[in-house]
1. Using a/c under 1.5 as the rounded threshold, could you call segment 48-97 rounded, prolate or oblate? The axes a ≥ b ≥ c are square roots of the C-alpha gyration tensor eigenvalues, and prolate needs a/b larger than b/c, oblate otherwise.
2. Could you tell me the extents of the chain's C-alpha atoms along the three principal axes, largest first, rounded to whole Å?
3. Is it possible to state the helix-based mean residue ellipticity at 222 nm for the chain, with each DSSP H run of 4+ residues giving -39500 (n - 2.57), the sum divided by total residues, to the nearest 500 deg cm²/dmol? What is it?
Amino acid sequence: MYTAKIIRHRHKFHHYMNDDLKEVKEETHFKIVFSEPAEFDRFREWIKQHEGEYNYNKEESRQEGKFPKVPIFHDEICWCDIMTYYLLHVAGYHFHSTIHPYKGEVYVKN
C-alpha cells in the first residue's frame with residue numbers, strides 16, 4: 001500500500017509599530033509527500049505537462065512555482081486543489097484520513 005500526504009503549513013506574520021500590534025497576516029502553504037519517491041517525479045511531470053511548475057522551498061516551508069493549467073479549474077485555485085485532483089483523478093489514490101488539527105490529509109492506493 002502506498003500513501004500520499006498533503007500537509008498544510010500556516011505562517012503568521014505580526015506587524016508591530018511602537019509595541020502596538022497593527023496587523024496579523026496569515027499565509028497557508030502546502031507540501032505533498034509520497035511514500036513512493038517515484039510518484040513525486042510523476043506528480044511534477046504531470047504539473048509540467050500542464051504548463052506548470054512545482055517547487056518546494058524547504059528553508060521557508062512553502063511551495064513555489066506556477067499553477068498548472070487544468071481544464072477543471074478556472075478561477076481561485078490553490079495548490080491543495082491541484083494536489084487533491086492529482087491524487088484522486090490522475091494517480092488513483094483514495095482519501096484515507098485527516099491529519100489533525102487542520103494539518104492536511106492522507107491518501108492511499110494499493
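1. oblate
2. 56, 31, 25
3. -5500 deg cm²/dmol
Where a number appears in this text, it was derived from the coordinates with a stated rule and is not lab data. Values in this document were obtained by computation on a predicted structure and should not be read as measured data.
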